[in-house]
Structures are given as structure tokens and as C-alpha cells.
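Have a look at the structure below before the remarks.
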Amino acid sequence: SFSAEDRFTKVTMLVAFLMLPLGGLFGILQLFKRTPNFPDPVSDSTYYTALTGHGVVLAIVFTTFFIMGISAFIVSRELKTNFSRLALNLSLGLALLGTVLAAVAILSGQAKVLYTFYPPLKANPLFYIGAALLIVGSWVFMFDLFRLVLKFRRENPDLKVPVATYGILTAWVIWLVATPPVALEVLLLLVPMSLFGMEVDVLLARTLFWWFGHPLVYFWLLPAVALWYYAIPRILGVPLFSETMAKVAYILYMIASTPVGLHHQFVDPGIGPFFKLVHTLVTFVVATPSMLTAFNILATLERAGRMRGGRGLVGWVFKLPWGSLAFSGLMLPIILFANGGITGIINASFQLNTVVHNTTWIVGHFHTTVGGASALTFMAAMLLLAREMMKREVIAPWLAVAAFYMWTVGQYLFSIGYYVAGVMGAPRRTSELLYGGLAPTEWIPWLQLGAIGGMVFWIAGVILVGLIAATLLFGKKVSVPQGERVLAFDETTPGRIENGKYILEEVRFWIVVTIALAILGYIGPLYEIFARGLVPVGPVPP
Ligand code: HAS
């Protein structure tokens with residue numbers, strides 16, 4: 001029998017899981033459509049439906065449901081507490097309803113607005129209402145999670161918040177700050193635009209979207225980071241190199257993840273360069289915790305590798321359990337993140353951005369971040385949950401490990417092809433990739449390399465989806481022994497705060513700082529937009 005939290009995790013994981021084949025199907029259709037000399041499987045118009053579906057299904061629905069599920073799983077165990085049943089059911093109901101409405105709009109071809117849904121492109125109102133309901137559903141869960149963490153802090157003033165719960169909390173604080181502007185955009189601008197043809201100021205809408213859009217990426221990342229910090233040391237049998245450094249990283253992610261959104265709008269006229277520069281600088285602040293994470297994980301790996309007899313500068317690397325399901329499933333995403341992270345820094349470098357903006361380069365960047373660091377971690381976690389929560393022995397674990405490596409190699413090839421083509425100017429988000437032969441032929445081999453990589457990680461995805469399903473349906477019943485469980489959050493004993501107050505544990509304070517910095521980061525640009533006067537335009541059906 002399952003607790004209310006575990007039932008919630010089961011359902012949210014099931015929804016997340018069902019998104020994988022759907023999103024994957026859209027993905028492979030686009031890959032073929034966009035590769036010169038490959039079969040052209042869909043019309044131009046269907047391409048935009050597939051592109052919207054791919055982004056919404058994988059980047060929004062898959063991630064949000066997975067994160068709700070893993071959050072309930074981790075927090076209820078580490079804090080030894082229970083979520084409100086009402087909150088769990090209500091949040092699930094709203095999020096599911098929202099997903100169904102948006103899915104109807106997309107699948108009926110009435111929402112070809114891509115996952116960024118910039119006006120004046122117009123979708124069926126169901127798309128926007130669905131997105132809003134998904135967000136409201138997630139808020140119900142989020143507020144209950146805050147209640148539990150704050151209660152834990154109040155009742156245990158001398159205990160530290162466990163490291164995985166802290167990461168999950170960070171993700172949801174980021175969500176708290178990110179989502180209200182996009183909810184406003186949807187309710188006040190996009191729904192009236194879609195229903196009544198109301199005119200909308202495009203720059204205002206884009207600015208509200210990116211207030212949400214960038215912190216959103218850390219909402220995707222932080223649960224993965226929390227799993228890395230918790231599980232990698234556990235698998236290796238060593239402590240994390242520094243829990244303090246992990247919490248410093250979490251706090252930096254939290255406070256600096258929002259006043260950065262303008263780095264998606266460097267080429268938008270109407271926002272002054274001063275604010276763009278401020279957001280550039282803060283972007284470099286928010287990149288720092290990923291470097292701290294790299295250091296922390298590497299130091300942990302080195303310690304474990306040396307304890308296992310690894311010698312010399314790199315000898316320890318080969319002593320690590322690269323063939324194990326849990327280790328490879330959580331480490332390969334980090335190796336992909338090194339790729340996506342570096343290109344993120346390039347994107348953020350104000351002038352360099354003009355070279356890569358809206359090219360296939362960006363596609364390489366976000367596949368190795370959200371598709372690499374986050375999605376691969378999440379799929380590995382699904383297999384671990386199948387074993388440790390659903391108590392099913394993973395079928396052919398060696399095949400899962402092979403699929404993790406294929407995903408990684410495939411994404412490296414895909415990103416290299418798309419980076420090079422992007423630097424040469426190949427555009428993203430268009431079915432007219434070669435403009436009837438007018439585009440440079442130099443792009444072609446790189447786009448084809450990207451397609452080979454894409455096919456490799458698509459096949460890896462098919463294998464993983466198949467293995468998760470097969471494990472749940474046909475896996476032998478197992479009870480994983482105590483010491484062998486990876487996701488053993490119920491065994492966590494929170495550390496004690498020594499020497500009185502410990503600023504890293506003052507979560508309430510950091511939440512206030514986060515909200516204040518987000519508002520501060522956007523007052524100026526929004527004032528500028530309103531002071532200059534809005535320029536509303538009517539909707540355009542895509
Ligand atoms: Fe990004 C665009 C900048 C991180 C996702 N990003 C996007 C888009 C998405 C996305 C989806 O400044 C497209 C949006 C759209 O459709 O228009 N991004 C950054 C920066 C970072 C960054 C500076 N992005 C992410 C993450 C994402 C994500 C994380 C999802 C999860 N991004 C941008 C910019 C744009 C952008 C611009 C707009 C571009 C444009 O023009 O449109 C940073 O946070 C990255 C920091 C990361 C690092 C990496 C550290 C390395 C690690 C690995 C170490 C390896 C180890 C392994 C330990 C500095 C952690 C060692 C193993 C051994 C065995 C030795």
C-alpha cells in the first residue's frame with residue numbers, strides 16, 4: 001500500500017512518462033523535416049504544430065509533473081512529514097485538466113505558437129487557459145511544500161534542512177518568483193487577445209514571458225542538481241565534498257535566477273542597453289553555482305576514485321563505477337551539462353549573442369541542458385523509482401546503461417552539428433531552413449551530423465521508454481536491501497546547526513531576498529516600456 005505522497009508521485013510520474021513518447025515523436029518528425037536531403041515527413045504547417053508540441057510536452061509538461069512527483073517523494077521522506085491530501089489532489093486535478101486542454105489545442109493544430117507563445121501569434125484560448133491551469137495546479141502543491149519546510153524550520157531551529165530537500169525548496173522558490181508574471185501575461189493579455197482579438201504590446205508580453213522563461217530553466221535544473229548532490233556520494237560511499245558549498249550554490253541559483261531574463265531579449269529594440277548589461281552581469285552570477293557544483297561533484301568523485309585505489313592525475317576517473325545504472329544515469333547528465341553550460345556562457349555574452357541568437361546554436365545549447373542535464377537525470381530517476389518505490393527489478397539494466405551512453409554521445413554529436421551550423425547562420429524554428437536553395441550549402445553536412453546525433457539519442461529514448469514500461473509491467477517483484485537503495489531519503493538524519501545561527505539555513509530570509517531582487521531587476525525595464533508608451537497590435541493567426 002502506498003502513502004498519499006507516493007500515490008501522488010506514481011500518478012505524476014505516469015503523466016510525465018506518457019509525455020516522453022509523444023514529445024519524442026514530435027522531435028523525430030522535426031529532425032527529419034529540418035535535415036537537408038532527408039525524407040520530409042510533414043507539411044510546413046504541421047512542422048509548427050510538432051514544434052509547439054515538442055516544446056510544451058517535454059519542456060513544460062514532462063518536467064513539471066516529474067518535479068512535482070520527485071518533490072513529494074523527497075520532502076515527505078527527508079522531513080518525515082505529510083503533505084495535505086487536499087492539496088495533493090487539487091493540484092493534480094488542476095494540472096491534469098490544464099494539460100488536457102492545452103493538448104487538445106495543440107493536437108487539433110490550433111496552437112502553432114511554439115512553447116514561448118509570443119504574441120501577436122494567436123492560439124486557441126484553450127491553449128492559454130490550459131497553461132494557466134497547469135501553473136495554478138503547481139502553485140497549490142508549491143504552497144503546501146513551503147508550509148512543510150517552514151514548519152520544519154520552526155519546529156527544529158537547531159537542525160539543518162537536508163541537502164536534497166534544500167535543492168527542491170530552491171526549485172520551488174524559483175517557481176514562486178517566475179510564474180506570476182507569465183500568469184499575468186496569459187490572463188491579462190493572451191486570453192483576451194485570443195478570445196476577443198484584443199491588441200497586445202509585443203515587447204511587454206515578451207518581457208513578462210522571459211521574467212518567467214529564464215528562471216524556468218533553473219526550475220528544471222535544480223531537482224537534477226539535488227539528485228546529484230544526494231545520490232552520487234551515496235552511490236560512491238563517500239560524503240559530498242562540501243554540503244556548505246552545495247547550499248551556497250542553491251542560494252546563488254535562487255537569488256540570481258530571475259533578474260537575468262533580458263539575456264533572451266538582447267536583440268529586442270525598446271529595452272535600453274543599461275538594463276541588458278545589468279542582466280548580463282547577473283547571468284554570470286547565476287552561472288557561478290553551476291561551476292561550484294562542477295567543483296563539488298568533481299572533488300567528491302576524486303575522493304571516491306582515490307579511495308578505490310586510483311592514482312595519478314586522472315587514474316581515479318577509471319576507478320569510478322561507470323557501468324552502474326545509478327552512477328552512469330546521474331553522471332552522464334553532468335557531462336552533458338558541461339557542454340550546455342559553456343555554450344550558455346557564450347549566449348549570455350551580450351555581443352556574442354548577436355552571432356548565435358535564433359540560430360541552431362541555441363538548439364544545441366538547450367538540448368544539452370534541459371534535454372541532457374535535466375531530462376536524462378529524470379529518466380534515470382524514473383528507473384530508480386521503478387526499482388525502489390514500485391519494487392520492480394529493472395529489466396536489462398545493461399541496456400539502460402547503454403542507452404544513457406547513447407543519449408550522451410547522440411546529444412554531443414547533435415549539439416556539435418547544430419553549433420557549427422548555427423555559427424554559420426543556420427536559423428532555428430523555421431521550416432524554410434534552406435530557403436529554396438538560397439542558403440549556403442556549407443550548413444548541410446553540419447545539419448546532417450546533427451541529424452545523426454539526434455537519431456542516436458532518439459533511439460536511446462525509445463529504449464529507455466521501453467525499459468521503464470517493461471520494468472513496471474513485467475519486472476520481478478524485488479525488495480531492494482537497505483544499504484543498496486539509492487533514493488533512501490527516509491534514512492536522512494538532518495545535521496545540527498553548530499555555533500548558533502547559521503545564515504544558510506534562514507530559508508525565509510533567502511526567499512525574501514529572491515523576491516526583492518527579482519522585482520528590482522524588472523522595475524527599470526518595465527518602467528521604460530510603459531513610460532515610452534505601449535504599441536499594441538492585433539493578433540495574427542499563425
Ligand atoms: Fe540557457 C537559451 C544562457 C543554463 C535552457 N537556455 C536557453 C533556452 C533554453 C535554455 C531552453 O544568455 C532557449 C530558450 C528559447 O527557446 O528561446 N543558459 C544560459 C547560461 C546558463 C544557462 C549562462 N539554459 C541553462 C540551463 C537550461 C537552459 C541549465 C535548462 C535546464 N540560455 C542562455 C542564454 C539564452 C539561453 C543567453 C538565450 C539565447 C538566445 O539568444 O536566444 C548557465 O546557467 C550555465 C552554467 C553552467 C556551467 C557548466 C558547469 C559545468 C558542470 C559540469 C562539470 C562536469 C563534471 C564531470 C563535474 C558553467 C556542472 C566531470 C567528470 C569527469 C569524469 C572528469
Accessible area per residue in Å² at 1.4 Å probe, computed on region 321-489: 38
Apply the a/c threshold of 1.5 to the C-alpha gyration tensor of region 194-348 and tell me whether it is rounded, prolate or oblate. prolate
For Val535, Val480, give me the order by solvent-accessible area with a 1.4 Å probe, most accessible first, ignoring ligands, DNA and RNA. Val535, Val480
FRET efficiency estimate (nearest 0.05) - Cβ-Cβ, Ser324 to Gln351, R0 51 angstrom: 0.70
What number, in percent, do you get for the relative contact order of region 321-489 if the mean sequence gap of Cα pairs under 8 Å and at least 6 apart is divided by its residue count? 31
Relative frequency of Cα-Cα separations exceeding 24 Å in region 321-489, percent: 43
Positive end of the dipole of region 321-489, charges at C-beta (+1 Lys, Arg; -1 Asp, Glu), about the Cα centre: which of Gln482, Thr430, Leu464 has its Cα farthest in that direction? Gln482
Sequence-distant residues sharing a close amide H with Asp201 (under 5 Å, placed H): Val537
Just to be sure I understand the model, the point goes 7 Å from the Cα along the line to the Cβ. What's the resulting Asn82 to Leu97 distance in nm? 2.6
Label-point separation, Arg7 to Leu298 (7 Å along Cα→Cβ), nm: 4.7
Relative contact order %, the chain, counting alpha carbon pairs below 8 Å whose residues are six or more apart: 19
Simple spin-label estimate for Ile523/Phe284, 7 Å along Cα→Cβ, in nm, reads 2.5
Two-site FRET efficiency, Lys151 against Glu506, from Cβ-Cβ distance with R₀ of 22 Å, rounded to 0.05: 0.90
Which sequence of Arg234, Arg147 reflects their accessible areas, 1.4 Å probe, from the largest down? Arg147, Arg234
Quick check: at a probe of 1.4 Å, how many percent of the accessible area of region 34-76 sits on carbon and sulfur atoms? 62
Can you work out the Karplus-derived ³J(HN,Hα) for every residue in region 452-463? Use 6.51 cos²θ - 1.76 cosθ + 1.60 with θ = phi - 60°, whole Hz, and x for glycine or proline. 5, x, x, 5, 4, 7, 5, 5, 4, x, 4, 4
Reported to the nearest 10 Å², Thr408 has, with a 1.4 Å probe, an accessible area equal to 10
Taking Asp144, Asp44 and ranking on accessible area (1.4 Å, protein atoms only), highest first, one gets Asp44, Asp144
Computed over region 446-542, the distribution of all Cα-Cα distances in 10 Å bins, rounded to whole %, is 10, 13, 15, 18, 30, 12, 2
When all protein chains stay in place, what accessible area (Å², nearest 10, 1.4 Å probe) is found for Glu78? 10
Between Ile74, His263, Leu29, whose Cα lies farthest towards the positive end of the dipole of the chain when Lys and Arg beta carbons carry +1 and Asp and Glu beta carbons carry -1, centred on the Cα centre? Ile74
Return the carbon/sulfur percentage of the accessible area of region 321-489, one whole number, probe 1.4 Å, all protein chains in place. 73
222 nm [θ] for the chain, helices only, -39500 (n - 2.57) per DSSP H run of 4+, per residue, to 500? -23000 deg cm²/dmol
If R0 is 25 Å, what FRET efficiency do you get for Lys391 and Leu159 from their C-beta distance, rounded to 0.05? 0.25
Once phi for every residue in region 127-142 is put through the Karplus expression 6.51 cos²θ - 1.76 cosθ + 1.60 (θ = phi - 60°), the whole-Hz ³J(HN,Hα) values, with Gly and Pro written as x, are 4, 6, 5, x, 4, 5, 5, 4, 5, 4, x, 5, 5, 4, 5, 4
Reduced to Cα centres, the span from region 1-56 to region 347-393 in Å works out to 14
Under a Cβ-only charge scheme (Lys and Arg +1, Asp and Glu -1), can you give me the dipole magnitude of the chain about the Cα centre, in debye to the nearest 20? 1060
Starting at 0 and stepping by 10 Å, how many percent of the alpha carbon pairs of region 396-438 end up in each bin? 25, 33, 22, 16, 4
I'd like the accessible area for His264, computed on protein heavy atoms only with a 1.4 Å probe and all protein chains in place. Round to 10 Å², please. 50
Full extension between Tyr435 and Phe530 adds, at 0.36 nm per residue less the Cα distance, a length in nm of 30.4 nm
If you split all Cα-Cα distances of the chain into 10 Å bins from zero, what percentages do you get per bin, shortest first? 4, 18, 30, 29, 15, 4, 0
For a label point 7 angstrom out from the Cα of Ser45 toward its Cβ, which stretches of region 79-113 have the backbone nitrogen within less than 19 Å? 104-113
For region 221-300, just run the numbers: alpha carbon Rg, then divide by 2.2 N^0.38 Å, N being how many residues it has. 1.36
Find out how many positive minus negative residues lie around Met382, taking Lys and Arg as positive, Asp and Glu as negative, among other residues whose Cβ is under 12 Å from that of Met382. +2
Ignoring ligands, DNA and RNA, what accessible area per residue does region 83-220 give at 1.4 Å, in Å²? 33
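The values are calculated or read from the model by the stated rules, or taken from the named source; none is laboratory data. Bear in mind the structure is a predicted one, so any value in this text is a computation, not a measurement. Neighbour counts are summed over all protein chains in view; Cβ atoms, including those assigned to glycine, are modelled from backbone coordinates with ideal geometry. The protein model used for the area step is the full one, side chains on, heavy atoms only, and it has no ligands, DNA or RNA in it. Shrake-Rupley method; radii C 1.70, N 1.55, O 1.52, S 1.80 Å.
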